[in-house]
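We did not get these values from a lab; they are worked out from the coordinates using the rules stated. These figures come from a predicted structure and were not determined experimentally. A quick note on method: Cβ atoms are made from the backbone with ideal geometry, for glycine too, and the neighbour counts reach across all protein chains shown.
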Amino acid sequence: MARSLSAFMAQNAKKVDNQKIAVSSRFRDENGKAMEWEITCITAAENQKIRKDSMRNVPIAGKRGQFTQDFDAARYQAKLAAKCVVFPDLNNEELQESYGAMEAESLVSTMLTPGEFDDLIIAITELCGFTTEGELVDEAKN
């Protein structure tokens, strides 16, 4: 087997296709069918930026002026959802105003119930290639 870098060239890499999922049965089209959300995969670099933006400085108790970094998982999930949701357009001003939300991260959290939001995050993480919790449990059993 010949070693060639051509398979790694950007134009030769297989693109991860967008996925359509019905996140909630509460949003229906004119025929009464659940509206599908479209999600996309992001790059590792985009994910790193979202992770970095989800860190916050927390004061260390008893040590004036000293801080430690803490990962805000809820903020990360909201930012990830906002970046990966293609449809509906979470940056649409009219949609944001209808929910009283001023940014995409806030909108997606306001639009969905906790269970719907978790289902969306699971679908996004699977599309982005993260191993699901169920797969980890199965792997640990073997």
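Around T113, what is the net charge, scoring Lys/Arg as +1 and Asp/Glu as -1 over all other residues with Cβ under 10 Å from its Cβ? Each step should come with its number before you reach the end.
Numbers: positive: R26; negative: E116, D118, D119.
Value of the local net charge: -2.
Over region 19-128, how many pairs of lysines fall under 26 Å by alpha carbon, counting only those 8 or more apart in sequence or from different chains?
Taking the Cα cut-off of 26 Å, the pair count is 10.
At R0 = 30 Å, how high is the FRET efficiency between R56 and E93 if r is their beta carbon distance? Nearest 0.05 is fine.
Working: r = 28 Å, r/R0 = 0.92.
Calculated transfer efficiency: 0.60.
Using mean projected area of the Cα convex hull in nm² as the read-out, say which of (1) 15.4; (2) 12.4; (3) 17.3 was calculated from these coordinates.
(1)
Can you put L107, L80 in order, fewest other beta carbons within 10 Å first? Don't jump to the answer; show the numbers that get you there.
On the way: L107 26, L80 23.
Final ranking by Cβ density, sparse to dense: L80, L107.
Tell me the net charge near M55. Cut-off is 14 Å between Cβ atoms, M55 excluded, with +1 for each Lys or Arg and -1 for each Asp or Glu. Each step should come with its number before you reach the end.
Details: positive: K49, R51, K52, R56, R75, K79; negative: D53, D70, D72.
That sum, taken over residues with Cβ under 14 Å, equals +3.
Using 0.36 nm times the number of residues separating F71 and K49, minus their current alpha carbon distance, what extension gain do you get?
Additional length available on full extension: 6.6 nm.
Taking K and R as +1 and D and E as -1, what net charge do the other residues with C-beta under 9 Å from the C-beta of Q19 add up to?
Details: positive: K20; negative: D17, E38, E126.
Cβ neighbours under 9 Å give a net charge of -2.
For the chain, which longest stretch is free of loop sites, where a loop site is one of the GluC sites (Glu not before Pro) that DSSP puts outside H, G, I, E and B and that has at most 16 other Cβ atoms within 10 Å?
37-102
So, with +1 on the Cβ of K and R and -1 on the Cβ of D and E, and no other charges, what is the size of the charge dipole of the chain about its Cα centre, to the nearest 20 debye?
Here the chain has a charge dipole of around 780 debye.
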